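Everything on this sheet refers to the single structure shown next.
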Amino acid sequence: MSTESTSSAGAARTNRAGLAIAEYRGSKTTLCAGCGHNAISERIIEAFFEMGVDPHHVMKFSGIGCSSKSPAYFLNPSHGFNSVHGRMPSVATGAMLANRTMLGIGVSGDGDTGAIGIGQFVHMMRRNVPFIYIIEDNGCYGLTKGQFSPTADLGSTAKSGIANDLPPLDLCAMSMELGASFVARSFSGDKKQLAAVLKAAIAHRGMALIDVISPCVTFNDHEGSTKSYAYVKAHDEVLGEISFVPYFDDISVDYDPGETTSVTMHDGSHLYLRKLADDYKPTDKVAAMKVLLETARRGEFATGIIYVEPDKDDFVDTLNLVDEPLALLPASRTRPPKAVLDEMMDALR
Ligand SMILES: Cc1ncc(C[n+]2csc(CCOP(=O)(O)OP(=O)(O)O)c2C)c(N)n1
Ligand code: SF4
Ligand SMILES: [Mg+2]
């Protein structure tokens, strides 16, 4: 079965929801030409179109930064909330709990997440909130002219030539340790890998954290930067070839079980990960952590789906919420009547 169709000659291609790709686009970007963030917006548009997600069913969030402007550039018909710097996790967690039937996606930066927002980020990962959390990681604060961010590598230089004297945070390793059930790293310049990672994230139920290395062409694309296009291309250690088969496509994939890990996602989609690196096993957290630590020590970026735990309870399950969206419940079901409050007050006397 095909995921897309052409209704008549010359008519726009439509997906299984009957929508054309134009429905998934956003406003024209105001970011610099060549910024990695623009390529990520393009992949998000394609992934949501190919998965046939109804954009009206999506809530998109961000904090502050060049990266955080991105939700304006995709999924125009979706609901959007541009929060305060570093505060996306609390706003998005509240919204996801208020309406459990919506699909949530957030775009943040390495500064927005790793610096001012780190306290909120930690708890969103720990709660395994059902959400796609994209970090557009350029190792600097692009919007405020390129200062080092917490993901800048030790010894990496700024455009002015100053060397960074602090070690980096590895936001993938942190998320995995904290409890996120889907952790991936990709590169804005790797169309095929990023598209597969995004589609798998849409199929996942739980926190899908994607750290996308996304070079800042204006402030951090020079020799001496470890987040430049040239450095990332030369040091990208691809963990495995990803084949993603959505639940609505009847495609069979030939694979060697010794070489390929097959994962059934929450919605019935299938993920086949053919290993290229020796110790790569995306369902084994300890092995995945080892790969991250070893590649980082060699100055490489491990990219691909690093860790996936498809059956872990998400925050909605943990809280045992009712099936209906909380936001739509009438006051009669959310507010205790006066008699109940009086009884509670009496018990406290
Ligand atoms: C409370 C607050 N502190 C500081 C700032 C200034 N500021 C705006 S964006 C930003 C960092 C952006 O870096 P990042 O999140 O990595 O996004 P990028 O621009 O690199 O995509 C800072 C420090 C702000 N807007 N609000
Ligand atoms: S300043 Fe850097 S991060 Fe911001 S839009 Fe330009 S290239 Fe992108
Ligand atoms: Mg940044």
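Can you pull the percent of the chain's accessible area that's carbon plus sulfur, 1.4 Å probe, other chains left in place? That fraction is 55 percent. Between THR303 and GLU237, VAL238, LEU239, the built amide H atoms are under 5 Å apart, and every one of these is 5 or more places off in sequence or on another chain.
Within a straight-line Cα-Cα reach of under 16 Å, LYS285 can be paired with the following aspartates and glutamates, leaving aside sequence neighbours fewer than 8 residues apart in one chain: ASP170, GLU177, GLU294, GLU309, ASP311. So what is the relative contact order of the chain, in percent, for Cα pairs below 8 Å that sit 6 or more residues apart? Here the relative contact order equals 16 percent. Think of each Lys and Arg Cβ as +1 and each Asp and Glu Cβ as -1; about the Cα centre, that makes the dipole of the chain roughly 1000 debye.
Measuring only protein heavy atoms, the 1.4 Å probe finds ILE21 accessible over about 50 Å².
Where the only charges are on Cβ atoms (+1 Lys, Arg; -1 Asp, Glu), what is the dipole of segment 20-141 about its Cα centre, to the nearest 20 debye?
Details: 9 positive and 9 negative charges, 72 e Å.
Dipole of segment 20-141, to the nearest 20 debye: 340 debye.
Our summary gives segment 260-303 a relative contact order of 22 percent, counting only alpha carbon pairs under 8 angstrom and 6 or more residues apart.
Shown in residue order for segment 152-165 are the 3J(HN,Hα) couplings computed by the Karplus curve 6.51 cos²θ - 1.76 cosθ + 1.60 at θ = phi - 60°: 5, 6, 4, x, 5, 9, 7, 4, 6, x, 5, 8, 6, 9 Hz (x for Gly and Pro).
Helix-only mean residue ellipticity at 222 nm, the chain, DSSP H runs n ≥ 4 weighted -39,500 (n - 2.57), per residue, nearest 500. What is it? Could the numbers behind the result be given before it?
Numbers: 10 runs with 96 residues, N = 349.
Estimated from H runs of four or more residues: -8000 deg cm²/dmol.
In this structure THR283 has an accessible area near 60 Å², from a 1.4 Å probe over the protein heavy atoms. Our coupling estimate for segment 206-212, obtained by passing each phi through the Karplus curve with A = 6.51, B = -1.76, C = 1.60 and θ = phi - 60°, is x, 6, 10, 9, 10, 8, 10 Hz, Gly and Pro reported as x.
Which residue, chosen from VAL263, THR283, LEU273, occupies the Cα position most advanced towards the positive end of the dipole of segment 255-302, where the dipole is computed from +1 (Lys, Arg) and -1 (Asp, Glu) charges on Cβ about the Cα centre? Ranked along the dipole, the leading option is THR283.
Each residue of segment 229-235 was assigned a 3J(HN,Hα) from its phi angle through the Karplus expression (A = 6.51, B = -1.76, C = 1.60, θ = phi - 60°), giving 4, 5, 5, 5, 4, 7, 10 Hz with x at Gly and Pro.
The values are calculated or read from the model by the stated rules, or taken from the named source; none is laboratory data. Because the structure is predicted, anything quoted here is derived from the model rather than measured. Here the Cβ is made from the backbone with ideal geometry for all residues, glycine too, and neighbour counts use every protein chain on show. Surface accessibility is based on the protein's heavy atoms, side chains included, excluding ligands, DNA and RNA. Shrake-Rupley method; radii C 1.70, N 1.55, O 1.52, S 1.80 Å.
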